[in-house]
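Since the structure comes first, as structure tokens, the remarks are kept for the end.
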Amino acid sequence: MAASSQTLPPKPDFSKYLPLYRTILAANWEEALIFFNQDAATIRSPLNNYLETALHIAAKAGNALFMEKLVALLLDHELSPRDDYGSTPLHIAARLGNIEVAHILVRRNSNLLYLHNNYGLFPIHYAVRNHRKSKDAILYFLGVTRDDEYGQPNPYAGPTGVSLLVALIEYKFYDLALQLVVSYPDLGRHNSLTGDMSALDAIVLSDCSIINKHTLNFWQSFIFYCVSKAESTTSPPIFHLISLLQWLARKNRDIVNKMALHHQVVKLLKCLCDQLKTLDETQVISLTTRHALFEATSLDIWPFILNIAEAYPMSVYFVNNMGQNILHVAVMNRSENVFNLVCGTSVLMAYLPDNRDFYKNNTLHFAAKLAPLHKLNLVSGAALQMQRELQWFKEVKKITPSKYLSSRNEDEKTPSMVFTEEHKELKEAGEKWMKDTATSCTIAAALIVTVVFAAAITVPGGNSGENGLPIFTNHNAFTIFGISNAASLFTSATSLLVFLCILTSRYAEEDFLYALPKRLIIGLFTLILSIIFMMIAFSATVYLVFGQNRRGVLIIVALFACLPVTSFVLLQFPLFVALVSSTYGRGIFDQRGIPQLLY
């Protein structure tokens, strides 16, 4: 009872060191020296609850002159005090990327480079993660941290080295990571200090710079494709084309950086996967390769799948904790590149579509599920999103064995039932989007019909009192007016009827695949034509009435007539192109250009 009543010793009171703490942060050496002279212990004692000493705080302040004077007052073995996390002042200097402060400490005591903190991390690990993202700081620590220092641990070996490699990958220093892997090949055969991360995992999880077509706009994709092809060709006749493409790439700094990272990470990936060839299945699984494989599949990083499969072919038959293979995951996450890769490989197509997960879901069940939101948002408009989902369902249905087309999962639902249930809200949103678009365009088409019809019966200049014929009948401009006005009437009337047809459609699921998009394409195309013809007719009328023998009037009118046409085209043309591309384009299920797995 007496023992339980004993009180814990009081915590140290660090408030008296607060003025010194502020002085060190301000790098005021004169005032700091007064404190040190009054109490010599303060230069070595912890100054706060985190057990940081004057050296730790000076490393945070980052003033090289202050640190130089402070280090001069201490012995070599006194330069390695530990804070609450076991970090030395050199850890802090490395984390801040301060080379000058780090050099002062290393010059006095190089053993600081080989002291790890409570997490097993050396200063070089913090240099890679430095707050400045300074590559110079990393290069400095790589240059001074040796792997053969007598009596010192090797920061580049085993899990410690993997942690360093993972950090380089996470911060996208792929060139340095590649140099590290080449120098220390065993790093590809271990996990990091925490045991849950390998270099392959880091590549997948580092917002991977293996370029995906969805991360680039049209021109970036074109430049990247052309430059990549040109660089792989040594034929002299295309030398000028190579120079032109490289010039275009240099003008687009973003694609240049992405291309550089892309080539570096592909080389790194190939190097790491080559090391898997020397491991057995147990060792491969212990490297969390299974996790990296499925993460890469969900992110649609097909080069990763290709390299892993070439290094260890059995990996493509792995299943996750729900019994799903890479085809299931690719379909569920709408990873079209991985899907095309699997479909282009006869060996995989003979086995993977036959598998079901632990809940009796087959491949078509996964196609029936609603796509992840970030995949849906790659297509604008709920109707086009619904179309893309139907395209996926139709494409997966082609490769699904017939015995599974109507099979039920654990919830007693067929793939079609799952599709209808999962896409109910998207279908309603697509119907609303279609009707709203058609309504807006119907109003425009109706207005054009009204205007051009009225213009047809009230021709410019009026009619002759003698024979009732239009006064300007013999003018070429009148002929242009008549033809363009009639064309505008016919196209706008067609557009109006098509949009009315859209409004009265039944909006069944399958209508979103071809019927509704086709009608919208026709309606938009004829509406654009009607506006163009209407502007031509109007311009011809103005010229007939006001611009006889005055070409300046025609030029001014033509310029102003281009405004509504240009505005409408700029606003609606992207939608028109998206509709045509999605409905009649080559599509996303294209196995050309995707290398097959090698066995």
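Please state the shape class of segment 6-72: rounded when a/c is under 1.5, otherwise prolate if a/b exceeds b/c and oblate if not, all from the C-alpha gyration tensor.
On the way: a/c = 2.43, a/b = 1.97, b/c = 1.23.
The shape class here is prolate.
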### Task
Read phi for every residue in segment 425-433 and hand back ³J(HN,Hα) as whole Hz from Karplus 6.51 cos²θ - 1.76 cosθ + 1.60, θ = phi - 60°, with x for Gly and Pro.
5, 5, 5, 5, 5, x, 5, 5, 5
### Summary
Rounded to 0.05, the calculated FRET efficiency for the beta carbons of R129 and F358 at R₀ = 41 Å is 0.55
### Message
Let me check I've understood the local charge: for L376, count other residues with C-beta under 10 angstrom from its C-beta, Lys and Arg +1, Asp and Glu -1. What total comes out?
### Response
+2
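Taking square-rooted eigenvalues a ≥ b ≥ c of the alpha carbon gyration tensor, is segment 343-422 rounded, prolate or oblate, where a/c under 1.5 means rounded and, failing that, a/b exceeding b/c means prolate? Walk me through the intermediate numbers first.
Working: a/c = 2.17, a/b = 1.37, b/c = 1.59.
Oblate, because a/c is 1.5 or more while a/b does not exceed b/c.
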### Message
How much length would be gained if the chain were fully extended between S567 and I483, taking 0.36 nm per residue of separation minus their Cα-Cα distance, in nm to one decimal?
### Response
27.9 nm
### Task
Select from segment 282-353 those chymotrypsin sites (Phe, Trp or Tyr not before Pro) which occupy a DSSP coil region and have at most 15 other Cβ atoms within 10 Å, ordered by residue number.
Y351
### Message
For a test of the definition: using alpha carbon positions, the gyration tensor, and the 1.5 limit on a/c, classify segment 15-155 as rounded, prolate or oblate.
### Response
prolate
### Query
How much length is gained on full extension from E100 to A157, taking 0.36 nm per residue of separation minus their Cα-Cα distance?
17.8 nm
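Full extension from H374 to T420: what is 0.36 nm times the residue separation minus their Cα-Cα distance, to one decimal in nm?
Details: separation 46, 0.36 × 46 = 16.56 nm, distance 2.06 nm.
Between H374 and T420, full extension yields 14.5 nm more.
Taking loop as defined by DSSP and a crowding limit of 14 other beta carbons within 10 Å, which trypsin sites (Lys or Arg not before Pro) in segment 266-339 fit?
Working: sites: K267, K270, K277, R290, R334; in loops: K277, R334.
Sparse-neighbourhood loop trypsin sites (Lys or Arg not before Pro): K277.
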### Message
Test of understanding: extend the Cα→C-beta vector of A446 to 7 Å, then name every residue of segment 472-504 with backbone N under 18 Å from that spot.
### Response
489-504
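Where a number appears in this text, it was derived from the coordinates with a stated rule and is not lab data. The structure displayed is predicted, hence computed values, not measured ones. A quick note on method: Cβ atoms are made from the backbone with ideal geometry, for glycine too, and the neighbour counts reach across all protein chains shown.
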